[in-house]
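> Dropping the structure in here first, questions after.
Just so it is clear, none of the values below were taken in a lab; they were calculated from the coordinates. Quick caveat: nothing in here was measured; it's all calculated off a predicted structure. Cβ: placed from backbone, ideal geometry, glycine included. Neighbour counts: every protein chain shown.
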Amino acid sequence: MVSRETSAEGAFRVRTAGDLAQNPEHYADDLTPLARAAEHTVLARQAPRISSDRPRATRVMVIANQKGGVGKTTSTVNLATGLAQLGQRVLVIDLDPQGNASTALAVEHRRGVPSTYDMLVDGKPLEEVTHSSPEHANLLVVPATIDLAGAEIELVSVVARENRLNKAIQAHPLVGTEADLGDDRIDYVLIDCPPSLGLLTLNALVAAQEMVIPIQAEYYALEGLGQLLETVEMVRQHLNQRLSVSTILITMYDARTKLSQGVAEEVREHFGDTVLRTAIPRSVRVSEAPSYGQTVMTYDPGSPGALSYLEAAREIATKGAPA
């Protein structure tokens, strides 16, 4: 993939996909869809790098919505891989007993593998249950095993049970500020939650500073949003004053339907800049990728779904943490 541009001297210079990947901000205004696909293909294949535009401190983000089927896990793994491809160091914590995030990131999660269960119930340090993902060298994963299904019952009698995950994250030797840890720090911790507001999700809400809400571009998704925001406000008042809804991501968007357009307009009208400019389209490739033990970011880097998640990850990184 090449294109031509005129230099200051008036001569033509060939611009390659490598140029786009190395200097995306330089070409951001004139990238065609084909050029963006070429850029992402190069990003997905090139050697790992660490970005200079890293947050000053680790950003802990929970991806949650009490409604199932809105793309929570899909968004978690693809945003995580997108951030890693953009040069960020990312840790994904799988809190869903189904372990779908672990599957998509190609991390083993059979019974007996060190997992979130061992960290929450047995108190193992987070770094001892962390695994590297083959999706990207900048990507770490704490998998979920089927044992996690019984964790809520086992934690009922534990003191400060809703604070277990927060303590584990804060005790991680690579979670902290640039001043304390330098370049070795983890930039993002993304927590994938089950589709319910039980003790596991509550642990995630208490541990996070930011909340990412994926909203399916359908009417029922709007009905559940009000309840979710009420829950967030209760957590803010009683358990975690730092928590803020920093990002809303519209998923399964179909530009051909008036319903998708109407839902997107209503969400943007109510939540303004909290809603990412990038919406995630319905995509067969996004659905296919986990069956190959991959995210769509590496399964088909040039697909509309992969390009949209990369742009969404770039928006999150560019926007920064709430003040």
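> Sort the following peptides by mean Cβ neighbour count (other Cβ atoms within 10 Å, averaged over residues), highest first: 263-274, 287-298.
Packing order, densest peptide first, comes out as 287-298, 263-274.
> Taking 8 Å as the Cα distance limit and 6 or more residues as the minimum spacing, I'd like the relative contact order of the range 54-319 as a percentage.
Once divided by the residue count of the range 54-319, the mean separation gives 26 percent.
> Next question, about the same structure. Can you give the FRET efficiency for Tyr292 and Tyr220, using 1/(1 + (r/R0)^6), R0 = 22 Å, r = Cβ-Cβ distance, to the nearest 0.05?
Values: r = 30 Å, r/R0 = 1.37.
Result of the calculation: an efficiency of 0.15.
> Could you work out the percent of alpha carbon pairs in the range 54-319 separated by over 33 Å, rounded to a whole number? All intermediate terms of the calculation are to be shown ahead of the outcome.
Values: 4880 of 35245 pairs.
Roughly 14 percent, rounded to a whole number.
> Let me ask something else about it. Kirkwood Rh, Cα Rg: Rg to Rh for the range 174-259?
Ratio of gyration radius to Kirkwood radius: 1.06.
> Taking the dipole about the Cα centre of the range 133-209, with the C-beta of Lys and Arg at +1 and of Asp and Glu at -1, give me whichever of Thr201, Tyr188, Ala171 is farthest to the positive side.
Positive-most Cα among the choices belongs to Thr201.
> Which distance in Å, rounded to a whole number, links the C-alpha centroids of the range 188-235 and the range 149-187?
Comparing the Cα centres of the range 188-235 and the range 149-187, I get a distance of 18 Å.
> Once the Cα gyration tensor of the range 182-323 is diagonalised, what are the square roots of 5 times its eigenvalues, in whole Å and ordered largest first, as equivalent ellipsoid semi-axes?
Numbers: eigenvalues 123, 86, 47 Å².
Square roots of five times the eigenvalues give 25, 21, 15 Å.
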